[in-house]
Amino acid sequence: GAVMSRFPWRSMPQKLNFDGRMALAGLLALVHLAGCGIGSNPDPRTIDGMMGYAALAIERDDPEMLFKVIDERARHALISIVADRQAAAALIRAHYPAADQAGALQSLGDALDLEDAWQLFAARCDQACRRAWSTELGAVQTKTADGEEWRVTTTRGAEVRVYREHEGEWWGLVWRTAELDAERDRANRDLEMIRQNAETYQRREALEHH
């Protein structure tokens, strides 16, 4: 097509993961600007490399891949939320009275039956959410320290916040960090309450069987 012919890559699949060739053209330009060809391996230990890695993940519509370059604070929170919700669900199913289980399980929210944290990320940041990033990511023009984070101006004319804890680690896109940290705390508190309730139900059941 006319859009594709502007780019040097000829081996790209023609099937698009979302509507509009201009979106794909923008992603291809982004990968080029980030200094990594489609067939190369972007290095997320640099901000440009992380942008390229994220661009490939978005173009491939691969939320599991994109999850790897989300701010590690958000990733760790999502991992904790899923683990606590799984543990809480197991306690409810094992020890709560049958009549109370449905309501208690529903209160656990959308992380209830997910197997992995990246799946929760995909549920919270759907295709439209991920596609929105494609209009912002690009090669770094300027970067400014802002507390623990960096504010990066990209060649797409957007400002993106990025974070990494230690030198040599992967950079990550800042995404709902404070919100997820608060949710992690709630999930942890909920798990403790459910654990106590489960113990109460177990004691009650034991007394009833004496």
How many percent of the accessible area of the stretch 108-195 is carbon or sulfur, using a 1.4 Å probe? 44
Counting only protein heavy atoms and rolling a 1.4 Å probe, one gets per residue an accessible area for the stretch 160-208 in Å² of 64
Give me the accessible area per residue for the stretch 49-154, probe 1.4 Å, as a whole number in Å². 43
Efficiency of FRET from Cβ geometry, Glu179 and Ala132, R₀ 25 Å, rounded to 0.05: 0.90
Point-to-point label distance, Arg45-Ala83, nm (Cα→Cβ direction, 7 Å offset): 2.6
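The values are calculated or read from the model by the stated rules, or taken from the named source; none is laboratory data. What you are looking at is a predicted structure, and each value in this text was computed from that prediction instead of being measured. Cβ atoms come from the backbone with ideal geometry, glycine included; neighbour counts cover every protein chain shown. Side chains included, ligands, DNA and RNA excluded: accessible areas come from the protein's heavy atoms. Shrake-Rupley method; radii C 1.70, N 1.55, O 1.52, S 1.80 Å.
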